[in-house]
């Protein structure tokens, strides 16, 4: 069964996306991966159903994975870690609400399976956990160019974590579109 990357429109609701995923399963497909920060999934799907799923009103794009070359660390040369530039700060601020939502969701998911993952932040509320400000707390970045834009890795300080182990950080990867 071929694999596809499905990107949803900004207007797609969580319920609509869940319904879409269930229809994929009901028609013999499977969900391979769900992207937390962007509205997208990777699916395997019988070719008989691809066109109808691609034409769904909540789908913005649906691309076969065999036509995509996904960037891996050994394929994309990254610059050395350095303090963020103005462009990096701008790029991270563009997706800041999505980063904060992903952090909250990550903690909730990990608390169900492996509470030690977020144990150092256990005494923080969601608001305290996500109180970081990009201009103050994005401490390091590195980036690499691909044919579809720039991959940027950022190290973000969580202000509420400072204990015997030191400061607490999250590491985030974002995609900065080309020509920006």
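The values are calculated or read from the model by the stated rules, or taken from the named source; none is laboratory data. If you're wondering where the values come from, they're calculated on a predicted model, not measured in any experiment. Note that we place each Cβ from the backbone using ideal geometry, even for glycine, and neighbour counts take in every protein chain shown.
When 152, 139, 133 are checked against the criterion of being under 20 Å from the mean Cα position of the chain (by Cα) and exposed (fewer than 14 other Cβ atoms within 10 Å of the Cβ), a single residue qualifies: 133. When the helices (runs of 4 or more DSSP H) confined to the stretch 88-180 are screened for residues that are under 25 Å from residue 10 (Cα atoms), those reaching at least 3 such residues are found at 96-113. Total residues in the stretch 11-51 satisfying the condition of being in contact with a helix residue (DSSP H, G or I) (Cβ under 9 Å, 6 or more places away or on another chain), at pLDDT below 90 and part of a helix (DSSP H, G or I): the figure is 1. Residue 108 meets each of the listed conditions (1) closer than 19 Å to residue 35 by Cβ; (2) surrounded by 15 or more Cβ atoms within 10 Å (Cβ to Cβ) apart from (2). Close Cβ contacts (under 7 Å, 6 or more residues apart or on different chains) running from residues in the stretch 78-105 that are on the phi > 0 side of the Ramachandran plot and modelled with pLDDT under 95 to residues that are surrounded by 17 or more Cβ atoms within 10 Å (Cβ to Cβ) and assigned to a helix (DSSP H, G or I) are absent.
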